[in-house]
C-alpha cells in the first residue's frame with residue numbers, strides 16, 4: 001500500500017480543506033486574500049499557479065452589454081432587476097392575495113383551444129402485466145398506417161384497446177373493450 005494518496009483521496013482532502021477555509025472566511029477569521037495565498041502555496045490544491053496579487057475587478061459590470069447603455073445622454077441604464085418602479089396600486093389583488101383581472105395578454109382565447117382542452121381523455125388503468133403486454137405489442141407490432149394516427153383501435157389478446165398515440169413508446173390507453181362486447 002502506497003503512502004501517496006490517489007486522485008480520489010486528493011479530491012476528498014481538497015474538498016475538506018475548502019470547507020474548512022470557507023468556514024474560517026465566513027466566520028471572519030481570514031479574508032479572501034489569505035485563502036488565495038493558502039491555495040497558491042499548497043502544491044496539492046490545484047491552484048498553485050495563481051499569481052500573488054488578486055486581479056482588479058471593475059466595480060460595476062454591465063451584464064447586458066451595450067444593449068442597455070444609453071446613447072450619449074449621460075444617464076445610466078436602468079437595472080432590469082430593480083424594484084424601484086413597482087407601484088402596488090397599479091397591480092390590484094383579489095382578497096386571497098392573487099393578482100386581479102388580466103393575464104398580461106389582451107388576446108382572447110379561441111373556442112378551439114377550449115374544445116381541445118375539453119377533449120382530454122381519461123386514461124384506462126390496466127394491471128401491470130396487461131399494461132406491459134399492450135405496450136410491448138404497440139411498440140413491436142404497430143402497422144405503419146396506425147403510427148401516424150392520433151387515436152386508433154388495436155386488438156390484443158381478448159380485448160380491443162382504444163389508444164391515444166403521442167409517439168413511439170408514449171401511448172395512452174383511453175378505452176378497453178372485450179372482443180365479445182364489440183360483436184353484440
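When you look at residue 52, is it part of a loop (DSSP other than H, G, I, E, B), modelled with pLDDT under 65, farther than 30 Å from residue 150 by Cβ and out of contact with any strand residue (DSSP E or B) (no Cβ under 6 Å at 6 or more places or on another chain), yes or no? Here the answer is no, as residue 52 does not meet what is asked.
Out of all the residues in the stretch 19-34, is one or more modelled with pLDDT under 80 and surrounded by 10 or more Cβ atoms within 10 Å (Cβ to Cβ)? Within the stretch 19-34 (the criterion being modelled with pLDDT under 80 and surrounded by 10 or more Cβ atoms within 10 Å (Cβ to Cβ)), the answer is no, since none of the residues qualifies.
Checking each residue in the stretch 119-178 for being over 30 Å from the mean Cα position of the chain (by Cα), surrounded by 10 or more Cβ atoms within 10 Å (Cβ to Cβ) and in a loop (DSSP other than H, G, I, E, B) picks out 126, 142, 149, 157.
The values are calculated or read from the model by the stated rules, or taken from the named source; none is laboratory data. Remember, predicted model here, so these are calculated numbers, not experimental data. In this analysis, Cβ positions are derived from the backbone assuming ideal geometry, glycine residues included, and neighbour counts consider all displayed protein chains.
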